[in-house]
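Below is one structure, written out as C-alpha cells; the observations come after it.
The values are calculated or read from the model by the stated rules, or taken from the named source; none is laboratory data. Here the structure is a predicted model, which means the values were calculated and not measured. Note: ideal-geometry Cβ built from the backbone for every residue, glycine included; neighbour counts use all protein chains shown. Calculation scope for accessible area: heavy atoms of the full protein, side chains included, ligands and nucleic acids excluded. Shrake-Rupley method; radii C 1.70, N 1.55, O 1.52, S 1.80 Å.
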Amino acid sequence: MKPCFATFLVVALILSSNFLESMATTDSSFCGEKCGVRCSKAGLKKRCLKYCGICCEECKCVPSGTYGNKSECPCYRDKLNSKGNPKCP
C-alpha cells in the first residue's frame, strides 16, 4: 500500500508543477506583450521592460499606450520605489 501511495504522490506533484508552470507562462506572455507595447518608445528599453514586467506580475495589468494612462491600473500607478518615485514605467 505504501509504494502505491508514494507513486500517487509523485505523479500528483509532477502534474501540479506542470499546471503551475503553464499558468506562469501564460501570465508572463501577457506581461511580455503588454510591456513590449508600453516600452516600445522608451530610451532605456531594457530597464523599462524589467520594471514593467515586475509591476505587471504584481498588478496583473499594464496601462495602454506608451506613456500616461496610469489611471487604468491603480496598482501600477501607486507603486513607488525606495526614493518615493513611481516604480512602474
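Taking the full set of protein chains and a 1.4 angstrom probe, give the accessible area of SER29 in square angstrom, rounded to the nearest 10.
Approximately 60 Å² of SER29 is accessible to the 1.4 Å probe.
Starting from the Cα of LYS79, draw a straight line to each of the lysines and keep only those under 20 Å, dropping any in the same chain fewer than 8 residues away.
Within the straight-line cut-off, LYS79 pairs with LYS34, LYS45, LYS46, LYS50, LYS60, LYS70, LYS87.
Taking the Cβ of LYS87 as the center, what net charge do the other residues with Cβ under 15 Å away carry, scoring Lys and Arg +1 and Asp and Glu -1?
Neighbour charge sum, excluding LYS87 itself: +4.
Mind giving me the nanometre distance, one decimal, between the label points for TYR67 and ARG47, set 7 Å out from Cα along Cα→Cβ?
1.6 nm
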